[in-house]
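Input: a single structure, listed below in structure tokens.
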Amino acid sequence: MDFQMLLAASFYLLCLIHSLPFSYAQTDRVPALFIFGDSTVDVGNNNELPTIIKANFPPYGRDYINQTPTGRFSNGKLATDFIAKGLRFPSSQPPYLSGQVGGRNLLLGANFASAGSGYHDTTAQLFQAISLTEQLENYKEYRGRVIEIIREENATSLFSRGIHLVSTGSSDFVQNYYINPLVNIVYNVDQFSDLLIQDYANFVEDLYQLGARKIGVTTLPPIGCLPAAITLFGLGSDECVERLNRNAMEFNQRLNSTSEQLKIRLPGLNLVVVDVYQTLYGLITRPGESGFTETRHGCCGTGLVETSILCNALSLDTCYNATEYVFWDTFHPSEAANEHIANDLIVAGYHLVY
């Protein structure tokens, strides 16, 4: 090879290295982050869908960067935003459907989550959301794009070392099972939970077959303490609905048990179940310890029923200081609560990193 050819090849190699995201070029422990689930982690995929389950309008995002409503179901950041920052990503993983997943950020991962989805595909179908099955298909498409750029061997390393986060299940119960006679007449709550757990196990196995080895999954939160759940199912009480919380705890026991079985069956799988139930329940039952004053109402509007399109610029009585509220709307935590949840997620997910 003559000098000019060597110089050209060296210049091309330098350009290629500098075009890669910093984390990948430096072979960090977590080169990419992949996010699946529902509105607790959706950062804007639903903006691209013909669904009413959206949050891309004020007052959503009023405390986010530049007061921008991005589609996040919060006044500001989600727990996954704080996690991405804690893992030293230059920015949060963008929504896959937005067209922002490309160029320099392609190898940092992507967010496939969709508000209104659940473990069971019928939950997503009720709201024209992206089911977990469809999220997996989008992940496969994304994976193919990565392989085209960095080739199979490098892609295998990227996906095996990258962290895959799954946060879903609440909508299966609150927005499907409890209100849908086509479901709750056919299944009792234990049977429905078993159905969801099988969907969960299938999803983890599918991710594993595609090369994922580090997977974190969140438990159900205390769904009986969601302001909307208290309004709908509390029979006039202002207290958490114990029946719903009991269903969540029993589901979480199944989730833990099944996860242990998956780790035995799938060699090399690093699967961590993160208990968001206890974190959020602690904020609700002992708010003063974390600087909160309001747990029964969401900040938006009356705080009793508002979420998605019901939480809008015309919602009266929206609070001024969301940092004092555990919930932003009647389903979703405030940015301040999300930061507390993220801190516990990072601690619990330590073994996914090291």
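With r defined as the distance between the Cβ atoms of Q191 and K263 and R0 fixed at 30 Å, what FRET efficiency is calculated, to the nearest 0.05?
In this case the efficiency is close to 0.75.
Take the alpha carbon gyration tensor of the stretch 179-268, find the square roots of its eigenvalues, order them as a ≥ b ≥ c, and report rounded if a/c is under 1.5; if not, report prolate when a/b exceeds b/c, else oblate.
Cα axes put the stretch 179-268 in the prolate bin.
Multiplying the sequence separation of N256 and E324 by 0.36 nm and subtracting their Cα-Cα distance, what value in nm do you get?
Details: separation 68, 0.36 × 68 = 24.48 nm, distance 3.23 nm.
Here the segment from N256 to E324 would lengthen by 21.3 nm.
Pop out the ³J(HN,Hα) list for the stretch 296-310 in order, Karplus 6.51 cos²θ - 1.76 cosθ + 1.60 with θ = phi - 60°, rounded to Hz; leave Gly and Pro as x.
Karplus values, whole Hz, x for Gly and Pro: 7, 10, x, 5, 6, x, 6, x, 9, 9, 6, 7, 6, 5, 7.
What does the stretch 204-253 give for Rg and for Dmax, in Å, if only its C-alpha atoms count?
Every Cα atom of the stretch 204-253 included, Rg and Dmax give 15.8, 49 Å.
Ratio of Rg to Rh for the chain, alpha carbon only, Kirkwood?
On the way: Rg = 20.8 Å, Rh = 20.9 Å.
Rg/Rh: 1.00.
Using only C-alpha positions, report the orientation-averaged shadow area of the convex hull of the stretch 294-341, nm², one decimal.
On the way: hull surface 11.9 nm².
Its Cα hull, projected and averaged over all orientations, spans 3.0 nm².
Among rounded, prolate and oblate, which fits the stretch 249-354 when a ≥ b ≥ c are the square roots of the eigenvalues of its C-alpha gyration tensor, a/c under 1.5 means rounded, and a/b larger than b/c means prolate?
On the way: a/c = 2.73, a/b = 2.21, b/c = 1.23.
Note, shape of the stretch 249-354 comes out prolate.
Considering only G236, G298, G116, give the residue with the highest GNM mean-square fluctuation for the chain, with springs between Cα atoms whenever their separation is below 10 Å.
G236
Rounded to the nearest 0.05, what FRET efficiency do D121 and L314 have when you use their Cβ-Cβ distance and R0 = 30 Å? Show your work: numbers first, answer last.
Numbers: r = 34 Å, r/R0 = 1.13.
Efficiency at R0 = 30 Å is approximately 0.30.
Using the Kyte-Doolittle scale, which helices in the chain average at least 0.0 and also have C-alpha atoms spread 18 Å or more along the helix axis, with helices defined as whole DSSP H runs?
Values: long enough: 3-19 (24 Å, 1.62); 132-161 (26 Å, -0.86); 189-209 (30 Å, -0.15); 242-265 (34 Å, -1.39); 335-348 (19 Å, 0.25).
Membrane-span-like by this rule: 3-19, 335-348.
Counting only DSSP beta bridges with both residues in the chain, what percent are antiparallel, rounded to the nearest 5?
Values: 1 of 20 bridges.
If we restrict to bridges inside the chain, about 5 percent are antiparallel.
Treating cross-link reach as a plain straight distance, find the lysines whose alpha-carbon is under 28 Å from the alpha-carbon of K54, omitting any fewer than eight places away in the same chain.
Cross-link targets: K77, K85, K140.
Rule-based calculations on the coordinates, nothing more; no lab input. Remember, it's a predicted structure, so these values are computed and weren't measured experimentally. Cβ atoms come from the backbone with ideal geometry, glycine included; neighbour counts cover every protein chain shown.
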